[in-house]
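The structure appears below as structure tokens.
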């Protein structure tokens with residue numbers, strides 16, 4: 001059941017009778033109440049927190065009250081696993097699909113997401129203005145790819161190509177430092193929170209090798225310069241140590257996937273203060289049902305090369321002290337598996353580590369410390385009421401249909417379950 005209970009965004013909300021989870025310390029704070037006014041948390045405490053006259057009350061019934069979750073690698077416009085076929089769809093039709101994808105993410109407890117290819121300023125504005133139900137949307141626009149790279153969906157037999165960052169696809173094909181620079185400026189002009197570059201081969205693309213390096217050093221430098229000038233950052237799709245090492249040296253701040261990196265490469269993350277966003281659940285389901293949801297046969301065959309390495313990389317990166325952030329990268333009908341990423345991470349991370357990856361560490365990556373991923377005065381009023389104890393068993397969050405009792409975003413109850 002979905003519902004919007006509050007009469008208006010400015011209606012104060014008082015959450016009572018909860019066990020407030022402090023993700024930063026990995027403890028329950030002792031607080032039982034959270035007050036949200038004008039979309040922001042104003043007080044966290046005990047019986048002394050009461051709220052103004054007319055406040056709406058949400059009784060947590062002794063359950064866990066925790067920050068809303070962050071998924072730092074999504075494609076909210078990816079309505080099929082055949083992303084390059086989707087590039088031919090009408091943008092209005094893709095948007096219609098995106099409305100359903102966004103709503104599903106919110107109902108699973110993800111109150112903020114970072115889109116790394118596809119979403120634009122229009123979708124982000126529609127969510128912010130309440131025209132669409134969905135998580136707070138941090139978008140990067142089109143991911144930038146060289147010809148023949150991970151963003152080039154042409155089959156080998158097609159030679160024509162129009163390299164334009166328009167249409168319903170998730171990427172733009174550009175070549176040369178100045179073309180990359182212009183494409184980055186176009187995304188930043190629209191308010192993009194980050195820029196994504198394809199740095200190695202990928203699963204979904206038809207003509208590149210997983211172990212290839214992509215985008216020249218001059219092209220990468222140009223994009224990093226533009227993002228830095230706008231106080232934004234560059235994130236990169238990469239699997240191998242060779243592609244990751246080069247990117248970190250050139251100023252790329254975040255790596256998506258990274259399944260095939262070695263221990264020496266992990267040390268570079270620490271040296272450069274970079275983030276790693278593995279996406280385990282997508283490989284699991286691309287292998288089992290990717291073809292059913294449109295993934296071409298050649299791409300299905302690529303999945304095995306990265307599937308088994310992913311969990312080991314999360315384990316080694318966590319032990320090395322790398323900032324590891326939760327991401328999913330699901331496509332098409334597989335978006336419904338989003339919460340399963342939590343259970344996969346729990347195989348090699350402690351509950352506190354998994355929680356941090358989806359809250360406080362994610363907030364630092366998104367440059368929103370103190371605003372998302374935390375229950376504290378000044379933060380957005382994004383919180384969950386959860387049945388169970390995530391600090392003891394974080395996999396309760398992997399079953400939102402069973403355990404998620406309420407989702408609050410901007411101080412409004414946007415979903416009730418159970």
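Each reported figure results from applying straightforward, stated rules to the coordinates on display, with no laboratory input. Fair warning: this is a prediction, and the values are worked out from it, not measured in the lab. Because the Cβ atoms are built from the backbone with ideal geometry, glycine has one as well, and the counts that use them run over all protein chains shown.
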Using all alpha carbons of the stretch 69-338, what is the percent of pairwise distances in each 10 Å bin, ordered from the shortest bin to the longest? 7, 33, 40, 19, 1
Nearest 500 deg cm²/dmol is fine: what mean residue ellipticity at 222 nm does the chain get from its DSSP H runs of n ≥ 4 alone, each adding -39,500 (n - 2.57), divided by its residue count? -9000 deg cm²/dmol
In Å, descending, principal axis extents of the Cα set of the stretch 1-157: 69, 34, 24
For a footprinting-style exposure proxy, rank 97, 272 by other Cβ within 10 Å, fewest first. 272, 97
Roughly what angle does helix 217-229 make with the longest principal axis of the chain, taking Cα atoms, 0 to 90 degrees, to the nearest 10? 30
For a footprinting-style exposure proxy, rank 193, 257 by other Cβ within 10 Å, fewest first. 193, 257
Using a 10 Å cut-off around each Cβ, can you sort 121, 337 from fewest to most neighbouring Cβ atoms? 121, 337
Can you tell me the 0 to 90 degree angle between the C-alpha axis of helix 91-107 and the longest principal axis of the chain, rounded to 10? 40
If I take every Cα pair under 8 Å that is 6 or more residues apart in the chain, average their sequence separation and divide by the length, what percent do I get for the relative contact order? 20
With Cα atoms, 0 to 90° folded angle of helix 263-272 axis to the chain main axis: 70
Can you tell me what share of the DSSP beta bridges in the stretch 69-338 is antiparallel? A percent to the nearest 5 is fine. 5
